[in-house]
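Worksheet: one structure, shown below.
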């Protein structure tokens, strides 16, 4: 593989974030490199017309099939808010325990995402709410019942995909029992493979059997399986369990590699090389353009030196291409009639009428902590450069 083709192949391993509400020069550079996708956050979004225009500009500039994704779970984690239906947390859906209703929720999310050009929803959560002290999952989870989480998660995924939006079950093999937030710390669990098969893996097994689009990894160490590396970087977990034991052949996506659980404990080079070798097909690099460029270089050099086999890169690129071919849609102008309409409001009222009142809680989006972390890192960098 030539150096140019190798660099392009490495770029396909990345889905990148940026900071503006318009197509910035830094994003153009990453698109020119050949990244597979772009992920949006609250910082990129104002209203439906603006976000549809932004996505149109991104796809038009790329001039090739490219997907745009975001987290639109419902509840606290909803990137699209102004002008969109405010969907209750999945805990509310779980308290009703109605598979058809869960499918309709997924379809509602899918229609609204597709209406403004979004191709991928990093949802639903397949984590099981087994730890009441978990600071990051909470009412994002459907339930503490593993079988119910599997049934409802698959239903939401099918609903999303029925409207042409790829779903993503997260966070494999399970983030629900941790007492730490992987945005800021590196969680460790002592769960054996026996425990995982009986509890955490149950929803993911249902997800794999349903042949849904993608799975996101957890930045969590499962000590009996791999005492040194989190699932994102562990071949035992990703290749051994998800690929070989469970038979999954879809796209494996990492959670954001700029989280402190990865960045502060391993660094991006080790994370990239070990991640690819473990079975990762695509890395979320959500905040810093230079990190994305560095990851491309790390992977390119690792393939050239033999630390990553070229066949592994080709295999990851195949899955990315299949994913892009199926889910990445051309640029459109947006269909705003699909947003927060009477049909959507009728479904939300049904959920509110049927759900356990305690399940519909308000609060702050726990995932937005990464914006604060980014700002802190930038301040530290600028301070270190002062004479």
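The values are calculated or read from the model by the stated rules, or taken from the named source; none is laboratory data. All of these numbers come straight from a predicted model, not from anything done at the bench. Note that each Cβ is placed from the backbone with ideal geometry, even for glycine, and that neighbours are counted across all protein chains shown.
Annotations
- Here the condition is being out of contact with any helix residue (DSSP H, G or I) (no Cβ under 9 Å at 6 or more places or on another chain) and either modelled with pLDDT under 90 or over 15 Å from residue 113 (Cβ atoms) (or both); of 356, 322, it holds for 322 alone.
- Any hit, the range 245-255, residues being buried (at least 21 other Cβ atoms within 10 Å of the Cβ) and out of contact with any strand residue (DSSP E or B) (no Cβ under 7 Å at 6 or more places or on another chain): no
- Checking each residue in the range 134-153 for being under 16 Å from the mean Cα position of the chain (by Cα) and over 16 Å from residue 71 (Cα atoms) picks out no residue at all.
- The set of residues in the range 111-120 being in contact with a helix residue (DSSP H, G or I) (Cβ under 6 Å, 6 or more places away or on another chain) and in a loop (DSSP other than H, G, I, E, B) consists of 116, 117, 119.
- Residue that is surrounded by the most Cβ atoms within 10 Å (Cβ to Cβ), among those in the range 71-116 that are on the phi > 0 side of the Ramachandran plot and under 20 Å from the mean Cα position of the chain (by Cα): 74
- Screening the range 252-262 for residues that are outside any loop (DSSP other than H, G, I, E, B) and in contact with a helix residue (DSSP H, G or I) (Cβ under 8 Å, 6 or more places away or on another chain) and picking the one that is farthest from residue 180 (Cα to Cα) gives 252.
- Those residues of the range 156-187 which are surrounded by 24 or more Cβ atoms within 10 Å (Cβ to Cβ) and not in a loop (DSSP other than H, G, I, E, B), in sequence order: 156, 157, 159, 160, 166, 168, 169, 170, 171, 172
- Selected residue (only one of 278, 289, 302, 328 is within 30 Å of residue 50 (Cβ to Cβ) and over 17 Å from the mean Cα position of the chain (by Cα)): 289
- Search result, residues across the range 121-155 that are surrounded by fewer than 20 Cβ atoms within 10 Å (Cβ to Cβ) and not in a helix (DSSP H, G or I): 130, 131, 132, 133, 135, 144, 145
- Pick from the range 188-219, criterion in contact with a strand residue (DSSP E or B) (Cβ under 6 Å, 6 or more places away or on another chain) and part of a loop (DSSP other than H, G, I, E, B), ranking: surrounded by the most Cβ atoms within 10 Å (Cβ to Cβ): 218
- Residue 242 being in contact (Cβ under 8 Å) with a residue 24 or more places away in the chain, within 18 Å of residue 126 (Cα to Cα) and either in a helix (DSSP H, G or I) or touching a strand residue (DSSP E or B) at 6+ places or on another chain (Cβ under 9 Å) (or both): yes
For every residue, the table says whether it meets (1) crowded, with 18+ Cβ neighbours inside 10 Å; (2) under 16 Å from residue 15 (Cβ atoms); (3) modelled with pLDDT under 95; (4) in contact with a strand residue (DSSP E or B) (Cβ under 9 Å, 6 or more places away or on another chain).
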| site | (1), (2), (3), (4) |
| --- | --- |
| 257 | yes, yes, no, yes |
| 264 | no, no, yes, no |
| 273 | yes, no, no, no |
| 278 | yes, no, no, yes |
| 292 | yes, yes, no, yes |
| 296 | yes, yes, no, yes |
| 304 | no, no, no, no |
| 307 | no, no, no, no |
| 313 | yes, no, no, no |
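The rows are residues; the columns are (1) touching a strand residue (DSSP E or B) at 6+ places or on another chain (Cβ under 7 Å); (2) modelled with pLDDT under 95.
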residue	(1), (2)
121	yes, no
124	yes, no
130	no, yes
139	no, yes
148	no, no
163	no, no
179	no, yes
184	no, yes
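Conditions tested, residue by residue: (1) surrounded by 13 or more Cβ atoms within 10 Å (Cβ to Cβ); (2) in a helix (DSSP H, G or I); (3) touching a residue at least 24 places away in the same chain (Cβ under 8 Å).
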position: 317; (1), (2), (3): yes, yes, yes
position: 323; (1), (2), (3): yes, yes, yes
position: 348; (1), (2), (3): yes, yes, yes
position: 361; (1), (2), (3): yes, no, yes
position: 368; (1), (2), (3): yes, yes, yes
position: 372; (1), (2), (3): no, yes, no
position: 382; (1), (2), (3): no, yes, no
